[in-house]
1. Please give the calculated 222 nm ellipticity per residue for the chain, where each DSSP H segment of at least 4 residues contributes -39500 (n - 2.57) and the sum is spread over every residue; nearest 500 deg cm²/dmol?
2. Give the accessible surface of the chain per residue, rounded to a whole number of Å², with probe radius 1.4 Å and ligands, DNA and RNA excluded.
3. Leaving out ligands, DNA and RNA, what percent of the accessible area of the chain is carbon and sulfur, probe 1.4 Å?
4. Cα atoms only, segment 1-72: Rg and Dmax in Å?
5. Can you check how the C-alpha radius of gyration of segment 119-162 compares to 2.2 N^0.38 Å, as a plain ratio?
6. Given a cut-off of under 8 Å on Cα pairs at least six residues apart, what relative contact order in percent is computed for the chain?
7. For q values of 0.09 Å⁻¹, compute log₁₀ I(q)/I(0) with the Debye formula on a Cα-only model of the chain, without solvent.
8. Could you pull out every residue, at least 5 positions away or on a different chain, whose amide H is within less than 5 Å of the one on ILE2? Hs are placed 1.01 Å off N in the peptide plane, and Pro or chain starts have none.
Amino acid sequence: MIKIIQGDITTLAVDAIVNAANQVMLGGGGVDGAIHRAAGRELYEACLKVPEVRPGIRCPTGEARITPGFKLPAKFVIHTVGPVYREITAPCGGSRPMGKRTRRAERVPRQHGEPEKLAACYRNSLVLAAENGCKSIAFPCISTGIYGYPIEDAAKIAVREVEEFLAAKNAKDAEEMEVVFCCFSTHDVAVYERLLK
Ligand code: APR
């Protein structure tokens, strides 16, 4: 079952909350900072023990790692790293009365596989939650803050991945699994509501 709420993910008493982390996985700003503050020092120490796959990288973009929740009401924290949304401005069409071409910039997302990496964040987090017996999981709007991913595009990917994950389960298991989209703003709630109505 899928739910949309507005609130602070660190307050949710679900089996797992998902953290929008960075590849170093030792905390940061945004929801990462909030989760580390609420979980306490033990979360930092648990992250420090997660093996580096490359120097300074514990969780590559698109992958997920799980730790206990410590002081959080949630049993687990699933750390995942979303893609940074890069875009280039490309000159394009349009003309002024004098017929001179304008250079109106257009948002052209670079092809660095951002959509696929963001989809992998949701997929890998859901798989890790299921492997750890979680029956409820809450996601923030991954990559849509500091990493700049447009909420409309990101939410479409999030909803698609969650729906596909639940559809692959038998009806009973899907009904028992609660997936919460925990939005920090009413604007983001409205975006998810439009997608899930
Ligand atoms: N509860 C729920 N959502 C939150 C909370 C909270 N307590 N705090 C922030 N958010 C929301 C933001 O408003 C945004 O919608 O989480 C979403 C993700 O934003 P960020 O936390 O900035 O994450 P992201 O865009 O993925 O950037 C990740 O930021 O904090 C650093 O270490 C992190 O380098 C990483 C980068």
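1. Details: 6 runs with 71 residues, N = 197.
For the chain, the value works out to -11000 deg cm²/dmol.
2. Numbers: 10070 Å² over 197 residues.
Each residue of the chain exposes 51 Å² on average to a 1.4 Å probe.
3. On the way: 5520 of 10070 Å².
The value for the chain is 55 percent carbon and sulfur by accessible area.
4. Cα radius of gyration and Dmax of segment 1-72 are 12.5, 39 Å respectively.
5. Numbers: Rg = 11.1 Å, N = 44, 2.2 N^0.38 = 9.3 Å.
Ratio of Rg to 2.2 N^0.38 Å for segment 119-162: 1.20.
6. On the way: 382 pairs, mean separation 56.2, N = 197.
Relative CO of the chain lands at 29 percent.
7. With one equal scatterer per Cα and no solvent, log10 I(q)/I(0) is -0.36.
8. Result for ILE2 returns VAL179.
The values are calculated or read from the model by the stated rules, or taken from the named source; none is laboratory data. What you see is a predicted model, and the numbers here were worked out from it, not measured in a lab. We work out accessible area using only protein heavy atoms, side chains counted, and drop any ligands, DNA or RNA first. Shrake-Rupley method; radii C 1.70, N 1.55, O 1.52, S 1.80 Å.
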